[in-house]
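Student: For reference, the structure I am asking about is given below.
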There are 2 protein chains.
Amino acid sequence: MVNNQNQHLDEVFHALADPTRRGMLSQLAGRERTVSDLAGPYDISLAAASKHIKVLERAGLLHRNVKGRQHICRLNPKSLSKAYEWLRFYERFWNEKLDALEALLNEEDKKTKKK
Amino acid sequence: MVNNQNQHLDEVFHALADPTRRGMLSQLAGRERTVSDLAGPYDISLAAASKHIKVLERAGLLHRNVKGRQHICRLNPKSLSKAYEWLRFYERFWNEKLDALEALLNEEDKKTKKK
DNA sequence: ATTATATTCAACCAAATGGTTAACAATCAG
DNA sequence: CTGATTGTTAACCATTTGGTTGAATATAAT
């Protein structure tokens with residue numbers, strides 16, 4: 001169970017670690033796109049694009065609907081939530097740290113003013 | 001500029017795509033830890049841990065303070081913000097989608113009730 | 001001065017990654 | 001039926017990754 005979640009996080013973060021794949025996701029925000037559409041902006045073969053899309057699909061970031069000879073892809077942002085939650089924890093931690101730093105600086109400031 | 005940002009996102013997401021490295025970050029939430037500390041829970045050599053830490057460091061997720069023979073590591077969650085922002089965009093998109101779905105279902109429900 | 005501790009570095013290895021080209025499969029259009 | 005279009009699959013290749021072991025470096029302790 002925990003392993004499956006970790007596995008999923010691995011896949012999602014790995015999928016996001018490539019600029020081509022992130023670009024494809026950007027293209028998908030809002031509308032559906034075919035494999036050719038997604039490959040379009042990049043100087044890579046259709047085969048390469050196909051692989052990228054498969055990575056996104058296995059990570060659950062993208063759903064595919066085969067319609068005739070076209071594969072219609074759409075974003076499945078739901079699968080991002082685990083990664084988002086994970087990051088949010090550290091983001092929160094960062095904010096807390098900043099708050100602590102601010103508090104510390106205020107303390108210092110008070111002392112300085114007392115002098 | 002954009003390329004540098006992309007490069008940074010690549011590094012951050014790649015760093016996060018490994019369970020050992022995510023575990024190390026978890027260990028670092030709150031307190032500082034030495035390289036040995038970070039390696040401790042895992043069945044890997046110190047050399048391997050050293051490499052993981054370097055990946056986290058290059059991604060800007062971790063800062064190192066060499067104190068004598070120990071390397072004291074601390075989390076630098078600030079560097080997560082770019083990745084967090086990126087994910088938040090899609091998370092928001094997801095929520096919008098869910099809202100749209102909910103609205104649609106409500107519509108359907110109204111129709112059903114009208115019958 | 002010697003020894004133990006903490007860590008990195010270099011060389012190596014197997015597996016995964018991102019790309020290619022060429023062949024195949026399926027669907028659509030004339 | 002014949003092509004043209006849309007994608008996937010297979011085989012291959014160079015590079016990166018995550019791991020190892022062994023040697024090197026630097027500091028601390030005795």
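The values are calculated or read from the model by the stated rules, or taken from the named source; none is laboratory data. Because the structure is predicted, anything quoted here is derived from the model rather than measured. Cβ coordinates were reconstructed from backbone atoms using ideal geometry, including for glycine residues, and neighbour counts include every protein chain displayed. Side chains included, ligands, DNA and RNA excluded: accessible areas come from the protein's heavy atoms. Shrake-Rupley method; radii C 1.70, N 1.55, O 1.52, S 1.80 Å.
Student: From B:Leu56, B:Leu98, which residue is modelled with pLDDT of 80 or more and either open to solvent by less than 70 Å² (accessible area, probe 1.4 Å) or closer than 27 Å to A:Arg31 by Cβ (or both)? Steps first, please.
Tutor: Values: B:Leu98 fails: modelled with pLDDT of 80 or more.
After applying the criteria, what remains is B:Leu56.
Student: Also, quick follow-up: Just to be sure I understand, how many residues within the range A:22-36 are within 15 Å of DNA strand C (Cβ to nearest atom) and facing chain B (nearest Cβ under 10 Å)?
Tutor: Within the range A:22-36, residues that are within 15 Å of DNA strand C (Cβ to nearest atom) and facing chain B (nearest Cβ under 10 Å) number 3.
Student: Are there any helices (runs of 4 or more DSSP H) wholly within the range B:1-63 with 2 or more residues that are touching a Phe, Trp or Tyr at 6+ places or on another chain (Cβ under 9 Å), and if so which? Outline the logic, then answer.
Tutor: Numbers: elements: B:2-16, B:19-28, B:35-39, B:46-58.
In the range B:1-63, B:2-16, B:19-28, B:46-58 are the helices (runs of 4 or more DSSP H) which contain 2 or more residues that are touching a Phe, Trp or Tyr at 6+ places or on another chain (Cβ under 9 Å).
Student: Run down B:Leu80, B:Leu104 and say which single residue is more than 8 Å from every other protein chain (Cβ to nearest Cβ) and either at pLDDT below 85 or assigned to a helix (DSSP H, G or I) (or both).
Tutor: After ruling out the rest, the residue left standing is B:Leu104.
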